[in-house]
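Working notes, beginning with the structure itself.
Any read-out appearing in this document is the output of simple, stated calculations on the displayed coordinates, not a laboratory observation. Everything quoted here is computed from the prediction, not taken from an experiment. Using ideal geometry, Cβ is built from the backbone for each residue, glycine included, and neighbour counts are taken over all protein chains shown.
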Amino acid sequence: MAEVKGNVRLRRLRADRNRTQEEIVADLTERADRMFSAGKLSKRVSFSVRQYSKWEGNDPPLPHPTARRVLEELFGCPITDMGFAAVPGAHEPVDERALSGPDRDPSTNPRTERAAPGFPGADSVPWLTSPSAGPTAQWRISEAEVDLLRAAADDMDAIDQQFGGNRLWRPTRAHLLWVHRMIDLGIYNEQLGRQLHTVAGKFTTSLGWFCYDAGLQTEARYYFSEALNTANFTGDDALASRTLSNMARQAVDLQKGREAIRFARLAQAHAGEWAAPHRVAALLAIREAQGHAQLGDRRACETSIRNAWTRWERGSSDRDPDWSVFLNEAELTCLEGMCWLDLGQYGRAQRLLARSEALQDIAHSRNRGMCLGRLAVASLENRDVEHSVNAARQSLRLIEGGMASTRAVEQLKIVREGLVPHRRSRAVGDLLEEIRPHIA
């Protein structure tokens with residue numbers, strides 16, 4: 001008889017109820033909702049088939065504490081009776097003294113701190129660990145590894161702001177896969193576990209944004225959904241706010257104004273849960289404004305724009321999350337200009353976009369490129385061909401200088417189509433030839 005692999009206990013508990021994985025996930029989600037309504041849970045949580053299948057697989061990761069309570073409530077037994085006790089040390093604290101105590105002899109532990117100042121020891125990073133450790137060695141996750149991955153996520157976002165997401169989604173996906181491997185197979189205490197899930201959430205929503213910027217809209221929506229699952233699973237309202245803000249922006253580009261408004265308002269609800277600072281409130285307000293503009297609702301759009309500026313003018317805060325810092329005066333002006341462009345107010349849009357472009361700095365070159373593209377479109381609609389050509393040429397120079405953003409290229413396509421009737425002009429004809437290789 002073939003050996004049954006995976007978490008046999010949990011699988012048997014499900015089989016006893018004659019439920020598929022999809023059905024048991026629905027049961028868990030329903031039970032979690034009832035527990036939240038009864039005050040037994042402080043946050044709403046949801047479950048996915050992907051996560052549940054991991055729990056029934058080999059070496060199942062220990063569920064998040066909130067998920068454990070729902071599992072125990074549904075199955076009527078402690079988590080240790082569900083097969084999770086077989087995960088070695090997933091809930092045991094890390095003995096930091098054993099890893100980095102002053103009396104430790106580095107020669108007795110493969111994790112050494114002999115490294116350049118400012119960097120963790122080379123052997124503390126698993127992908128640089130000597131293969132002599134063998135596949136059976138316990139993989140104890142260190143705080144230095146988590147810090148390194150958190151910094152990598154921040155670096156990816158900073159690179160995106162300057163150069164765009166076309167060349168970032170692949171390495172970010174690789175990082176995310178590695179973080180999931182750490183979560184599933186590593187040994188860590190509960191505090192590090194929470195940090196790992198937070199890092200996974202950062203990578204997932206950033207990956208969705210990079211895919212969106214690269215024109216991979218289906219993939220972007222998938223990763224945004226995964227990020228929302230992570231946010232709901234861990235009760236991370238800040239991650240939910242960020243992800244829904246990204247989804248609202250994408251919905252506008254996909255000409256789904258109602259969806260954009262719904263996402264923006266959901267983001268605002270999550271922002272209220274963690275008392276988000278003014279910069280975040282401003283970002284979510286302008287996201288809602290863009291949805292109203294896409295639908296042609298000028299009055300609602302103006303109200304949201306005023307809300308955005310009111311909140312932004314209250315100043316920055318030490319609590320501003322890193323993902324909201326890009327919303328400086330130049331960017332908010334640009335986003336307002338995009339609203340007026342969608343509303344057909346081309347003169348007003350041109351003035352705002354020109355002002356924004358003049359305020360942008362090199363650290364936000366991708367945003368400047370997007371602003372220039374919109375400025376070229378607004379100028380063309382305003383019958384100002386000269387300024388349209390000038391803005392398009394500046395955007396093209398950024399692309400030739402290394403900015404890799406499909407969104408920016410798409411703007412050039414729109415400008416090129418609009419300039420074709422003016423191709424007899426030498427300046428226009430030259431620009432059309434310069435643009436052609438980049439949109440072929």
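Listed values, structure above:
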item	result
Region 8-86: C-alpha gyration tensor shape, a/c 1.5 cut-off, then a/b vs b/c	prolate
Rounded to 10°, Cα long-axis angle of helix 257-273 versus longest principal axis of the chain	50 degrees
Gyration tensor verdict on region 236-317 (Cα atoms; rounded if a/c is under 1.5, prolate if a/b is larger than b/c, oblate otherwise)	oblate
Calculated [θ] (222 nm, deg cm²/dmol) that DSSP helices of n ≥ 4 give over the chain, each run adding -39,500 (n - 2.57)	-21000 deg cm²/dmol
Cα centroid separation, region 12-47 to region 390-440 (Å)	53 Å
Positive-end residue, the chain charge dipole about Cα centroid, Cβ charges, pick of 152, 425, 232	425
Amide proton proximity set for residue 140, modelled H, under 5 Å, gap of 5+	187
Residue-by-residue Karplus 3J(HN,Hα) for region 402-411, coefficients 6.51, -1.76, 1.60, Hz, glycine and proline x	x, 5, 10, 9, 4, 4, 5, 5, 4, 5
Protection-proxy order for peptides 157-169, 263-275, 27-39, each taking the mean of Cβ atoms within 10 Å per residue, highest first	157-169, 263-275, 27-39
Selected from 358, 411, 334, residue furthest toward positive end of dipole (region 328-440; charges at beta carbon)	411
Student exercise, region 8-86 dipole from Lys, Arg, Asp, Glu Cβ charges, in Debye to nearest 20	140 debye
For region 290-410: rounded, prolate or oblate by the Cα gyration tensor [a/c cutoff 1.5]	oblate
Options (i) 41, 23, 20; (ii) 49, 26, 19; (iii) 46, 27, 20 - which one matches semi-axes √(5λ) of the Cα gyration tensor in Å as calculated here	(iii)
Using alpha-carbon coordinates, inclination of helix 278-295 to the longest axis of the chain, degrees	60 degrees
Angle between the chain longest axis and helix 217-234 axis [Cα atoms, degrees, rounded to 10]	50 degrees
